[in-house]
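Presented below is the structure to which this report refers.
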Amino acid sequence: MSHTIRYQKKWTFLLVAVLPLVILCLFTLNISLGSVSIPFDQLFSAIFMGETEKSSWLHIIWQFRLPKACTAILVGAGLSISGLQMQTLFRNPLAGPYVLGISSGASLGVALVVLASHSVGFFFQGLGPGSWLIVLASSTGSFLVLLAVVALSVKIKDSVSLLIIGLMFGSVTGAVVSVLQFFSEAKQLQLYLVWTFGSLGGLDWSELLILTLVLLVGLSITLFLIKPLNTLLLSENYAQSMGVNIKKTRLLIVVSTSLLAGSITAFCGPIAFVGLAVPHLTRLLFNTSDHKILVPAVTLSGIIVMLLCDIVSQLPGSQYVLPINAITSLIGAPVVIWLILSKGGIQTSFGR
């Protein structure tokens, strides 16, 4: 009993005090960095008073740095929660939105709009990261692929086979995209390539608002799924014996994950590592598989990881900004490997 109380105090302290404080510090550091040097006092004056010594500083902070930092928060939270749900649904630590084909489906949807539209004789005006047509295409593609994977999961009980099927979806969509690229012109190829790099800095406040609303819907669904997610960790048969409607729960997980990962991929491009690794990092940190703890903890941890990766991608002191996709993998993969080796594996904290 005392052991449980001690862990509950630790979890509460981390969730209420430590992680939010880390997020606040990283958020402040994030908006303070950039190719233009802005004094700290002017930074806070711009945020809280709406004025600075130079009008250009106010424009940079409100139109570029703050939207970029807020985007990092949304992306970190959304991708981390979507990865947590996928790993729980399939009871497999390798599962994630990109492993099972969400990114591949989104890429195919975007390729059909950006590349195939020009190949058949017309090209939509105003295409670019965050445009509504790309958002719709990406979300539709990711939802259809994930829906197909879940439908197959009803017949296939072996998780390894299911992961292989997800990878095959990725291979097929990748092949179609390659064919479309072969018949496309340089302008369309460049636009598509930039989208695949991933970016946190392409959204304005109106697009950020829409992304926030979509993610809130997805996260709200997740909150209603906490109890079913806990029971699914044991088995679907156990969950059903506890009164969980498996088909309804699976569908809600599909909808939630599609809204989270699909909309983020649409607005920001495919961002690797976060959805797969952050849930594992959180399980190792909190040493629990209870989703009442994991859902808020994974959300906060994902925000921290994305803010940190965004800070590194800005190359402090330089005018260059690296693709966020490269940074998330370069930083995250070694950290996960080190944690797994130091903890002796992740199965003990994965509900098995």
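Just so you know, all these numbers are worked out from the coordinates, no wet-lab data involved. In this text, all values refer to a predicted model and were calculated from it rather than measured experimentally. Note that we place each Cβ from the backbone using ideal geometry, even for glycine, and neighbour counts take in every protein chain shown.
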Gain in span if fully extended, Ser171 to Leu251, counting 0.36 nm per residue against the direct Cα distance: 26.3 nm
Sorted by Cβ density within 10 Å, fewest first, the residues Phe48, Phe267, Phe273, Phe27: Phe48, Phe27, Phe273, Phe267
Listed residue (Leu285, Thr212, Ser263) projecting farthest to the positive dipole end of region 153-288, Cβ model: Leu285
For region 138-269: rounded, prolate or oblate by the Cα gyration tensor [a/c cutoff 1.5]: oblate
Computed lengthening from Ser178 to Ser55, 0.36 nm per intervening residue step minus Cα-Cα distance: 39.7 nm
Cross-link pairs Lys155/Lys247; Lys68/Lys248; Lys68/Lys227; Lys155/Lys248 - those with Cα-Cα distance over 24 Å: Lys68/Lys248; Lys68/Lys227
